C-alpha cells in the first residue's frame, strides 16, 4: 500500500543508508499516525547496517544523545536535542521485515513503512483492526514470550477505547498470572498500568480486569474489598465502589474549569499525567476499609474508623513493592489519607481559619483531593444518602475549589521557625523519635495558627511531652 510519511529523521536516515540497506518505521508511531495522535517517539528497524555505529552517527548528525538500550539484541535510542522526542533503532528479527512483524504483540502494531519506497507493509490487516477498534493477538507465542503484553493489551484497549477480540481475550484470561513472573520487572508493570490510566474511560477496562481477577494479580490487596457488601451509605460492593469512583472522576474532568484541567493534565512524570496518578489514588482510596470494618450490634451500621490512615500506610507498602518512586508514593498516600478531609470540613461548618488550614496542609494536592472527594461522593448512594445530601456536598466541594483558586495566590509556605539542631539544643535531646514527634507537632501548631513567631515555637516545644 502506497502512502507517504515525511519527517526530518527519514531524510537523514536515507542519506546515511548504504545502497543495499533498508529502513522501516514500525510499531506505535504508525498506529498513532493512522489514528492522528501525536507521538514523541519513533521506532525504526534497519537491515544491512551496524545498528550501534549507525545510531551513534545519527546522534551526531541531529545533535542528539545516544543510549544503548540492549547490546545483545542491538537496540539503541537517540534522544533528540529538544529532550522530548526520541528515535529507537533495532535490527530486524528474522531474515525479512515480514518475519520481524510476525513476532510483534498485536496486529495494530504489526505493520511497517518502507521509507525508501514509501510503501506500507500491512500483511496482518493492521489497518482493518485499527479501523474496527480491535486489539487482536495473532500469535499466542508472542504473548507468552513477554507476558507483560497481557497488561499491554488492556492498556491499548483503555487508551484507544478499543475492544479485545474474543479469541485474544481467551488467551489473556488463560495466562494473566504470568504477569507476576519473577523475570518481569515491577517497574514495567507499574508503567503499563499508569499508561492504562491515561485512557479517558479506563474505569471500564479496570472493571473487565476485575471480572477476570487480573486486577488482583497486580493489586492483590484489592481482593479483600469483595468481602465488604453494600450498606446504608454505599449502594455497591466495596470493590465496585472503588472502580465506580474512578469512573465518576473521569466523568467529572470534562466539567471542571480550565485551570483545574490544566493542573491535573500536566505531566507528573514524562509521558504520564498527574491525572493518572490521581486515578490510581482514587482506585486505592478505600484500601484500609477491610481492615477497619465493624458492624455496630445495635444499629447494624457499618463503621470504618481510621480507614483513611490505615489505607495510606497499606498503600505505601504496596507501592514500594511495585517500585513506585518516593515522590509518587508520597502523592498517592497523601490523597488516600486526606480523601475524607474536605467533606468532613464541610459537615463541621468550618471557619475560614479551618479552611485555610486545610489548604496549607494539602498544598498543591488540594485540587486533587477535592476532585477525589467529589468522585467519592457521587459513587456512594446508599439508602440514607438523599439527592439533597449529594447536592449540598457537591456544592460545598465546588466552593472549596474556587476558594482555593483565590487563596493559593496569597498562601505562602510555612516558615521554618526552628531547625532540628535548634530543637535538640534547646531541649538537650538527641536525633530520635522524640525529635520527629516534636517537629510534627510544631508544624500542626503552625497550621492551626497557635504558633506564629519563633518565640511562640520555643515556648511550644518546651511544653511538648517527651517519651
### Task
Would you check if there is a residue in the stretch 383-391 being modelled with pLDDT of 90 or more and under 21 Å from residue 260 (Cα atoms)?
yes
### Query
Is it fair to say residue 84 is closer than 28 Å to residue 267 by Cα, in a strand (DSSP E or B) and modelled with pLDDT under 95?
no
### Task
Restrict the check to the stretch 108-131 and report whether at least one residue is assigned by TED's automatic domain parsing to the domain that holds residue 91, on the phi > 0 side of the Ramachandran plot and without any contact (Cβ under 8 Å) to a residue 60 or more places away in the chain.
yes
### Task
Would you be able to say whether some residue in the stretch 195-207 is at pLDDT 95 or above, within 18 Å of residue 381 (Cα to Cα) and buried (at least 17 other Cβ atoms within 10 Å of the Cβ)?
no
### Query
Within the stretch 430-452, can you find the residues that are touching a helix residue (DSSP H, G or I) at 6+ places or on another chain (Cβ under 9 Å), assigned to a loop (DSSP other than H, G, I, E, B) and exposed (fewer than 14 other Cβ atoms within 10 Å of the Cβ)?
430, 431, 449, 450, 452
### Task
Go through the stretch 297-309 and give me each residue that's closer than 21 Å to residue 373 by Cβ and in a loop (DSSP other than H, G, I, E, B).
305, 306
### Query
What about residue 393, is it crowded, with 16+ Cβ neighbours inside 10 Å, outside the structural domain of residue 355 (by TED's automatic domain parsing) and touching a residue at least 24 places away in the same chain (Cβ under 8 Å)?
no
### Message
Give me the residue from the stretch 123-133 that is over 10 Å from residue 34 (Cβ atoms) and buried (at least 20 other Cβ atoms within 10 Å of the Cβ) and, out of that set, modelled with the highest pLDDT.
### Response
129
### Query
Does the stretch 77-89 contain any residue that is closer than 12 Å to residue 24 by Cβ and crowded, with 20+ Cβ neighbours inside 10 Å?
yes
### Query
Got a sec? Which of 184, 189, 164 is modelled with pLDDT of 95 or more and farther than 20 Å from residue 100 by Cα?
164
### Query
Residues of the stretch 230-241 being within 21 Å of residue 296 (Cβ to Cβ) and modelled with pLDDT of 95 or more, which ones?
237, 238, 241
### Query
Tell me, which helices (runs of 4 or more DSSP H) wholly within the stretch 186-253 include 3 or more residues that are closer than 21 Å to residue 290 by Cβ?
202-211, 214-218, 238-253
### Message
Suppose the filter is in the same structural domain as residue 367 (by TED's automatic domain parsing), surrounded by fewer than 14 Cβ atoms within 10 Å (Cβ to Cβ) and either modelled with pLDDT of 80 or more or in contact with a helix residue (DSSP H, G or I) (Cβ under 9 Å, 6 or more places away or on another chain) (or both); does residue 399 pass it?
### Response
yes
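The values are calculated or read from the model by the stated rules, or taken from the named source; none is laboratory data. In this text the structure is predicted, and so the values were computed from the model without any measurement. Note: ideal-geometry Cβ built from the backbone for every residue, glycine included; neighbour counts use all protein chains shown.
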